[in-house]
Structure formats: C-alpha cells, structure tokens
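Below: the structure, in structure tokens.
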Amino acid sequence: NPQVRCLIQHGHTSPVEGADNVKLLPAGTLKRLYAKAQVVLVQGGPGSIQDARATGAIPLVVPRRVEFDEVVDNHQVPFVTMMEKQGGAVIVESRADLFDKLTLAFENPSLFHAAQPYVANPSIAEQLAQGLDNLLSGRTRRAEGYIARFKQAARAHAAGKQEMARINAITPSE
C-alpha cells in the first residue's frame, strides 16, 4: 500500500524492498517510533515485545523458528503464545496471516493499542530468578540444555550491546 510508511529495523539481514530500512536503531529512538506507530510488528523475543508494550502498543509478533534456521529451538513460541493469551501480543503464523492481521490493524487501530502502557510486574523477575537458581543448582532435569542456551543468549546479548554502543556513538542525538 503506497499510503503506508513502513520502517524496518532489519539487523543483520537484508533490507526489505519497498520499506524504509535501518540496520539498527538506538533503543530510545525505537521506542519513540513504537509510540507513534499505528502498527508495531516485532520478532518474538521478550525484550522486543516488552519494549512495544511499554509504549502502549499491542504488537504483531512473529516468533523465530527452528525450521527457518533462526534459533536453536522454538523457545519464542511458548512465550508469544502466553503473551497472546494475556492480551499482550498478536501472533503471526504465516505470510497470509500477516497480511490479514495488518489489514485488521489498519482498519481497527484501537485493537492494537492498550489503554495504559504495560508496566513490568516485579514478581516476574522473582520467578525468573527462582528459575535460574533452579537451573544453576541442578534442580531441573534439563539444566544442561538450558545452561547452554543461556550461555548462547548471554553471548548474543553482549554482542548486541557492543553493536548498540557503536551505533549510539555514531548516531546524532535527537
């Protein structure tokens, strides 16, 4: 639709034809754009979803999947399913589903914006801390797999922080 402006933060993937493309944006800039957007579409990571929710957006969410060689397991699928059940996200399952939900969002924008921005619940952090404690102390049978994924995620997070610091250093402040 030529009347719709589409900004895509594509990261380390190829730019998308027909859209305004940026590799990465500073977090503050991205959140300001989320707050102004009619529709927010993100990958299924908790940080992406929570950043959108903090601006009042109820994002369309595409979980990364093993079958597309995007992740080592489908860990985003149960998270985005939980978020959708709680009314905090709308899962996109396919290309056709994306177009159907984009059409719905543009025709009914109030369905994709919360009356109040989401504020994180401290008990979630406590539950995460307890879960990590259980994993690290071996009180779960799948600790090795979780620890390996946790280490992989920590390495990816550190690399992302370095990249964002580099981008912030070269991006003029608004």
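The values are calculated or read from the model by the stated rules, or taken from the named source; none is laboratory data. Just so we're clear, the structure is a prediction, and the values are computed from it rather than from any experiment. Neighbour counts run over all protein chains shown; Cβ positions are idealised from the backbone, glycine included. Side chains included, ligands, DNA and RNA excluded: accessible areas come from the protein's heavy atoms. Shrake-Rupley method; radii C 1.70, N 1.55, O 1.52, S 1.80 Å.
Across the protein chains, with a 1.4 Å probe defining accessible surface, the residues His75, His10 rank His75, His10 from largest area downward.
For Lys31 and Asp73, a Förster radius of 41 Å and the Cβ-Cβ distance give a FRET efficiency of 0.90, rounded to the nearest 0.05. Using the average count of surrounding beta-carbon atoms within 10 Å as a protection proxy, the listed peptides 49-57, 101-109 rank, highest first, as 49-57, 101-109. Extension gain, Asn108-Gln9: 0.36 nm per intervening residue step, less the Cα-Cα distance, totals 33.2 nm. Working from label points 7 Å from Cα in the Cα-to-Cβ sense, the Thr81 to Glu17 distance is 3.6 nm.
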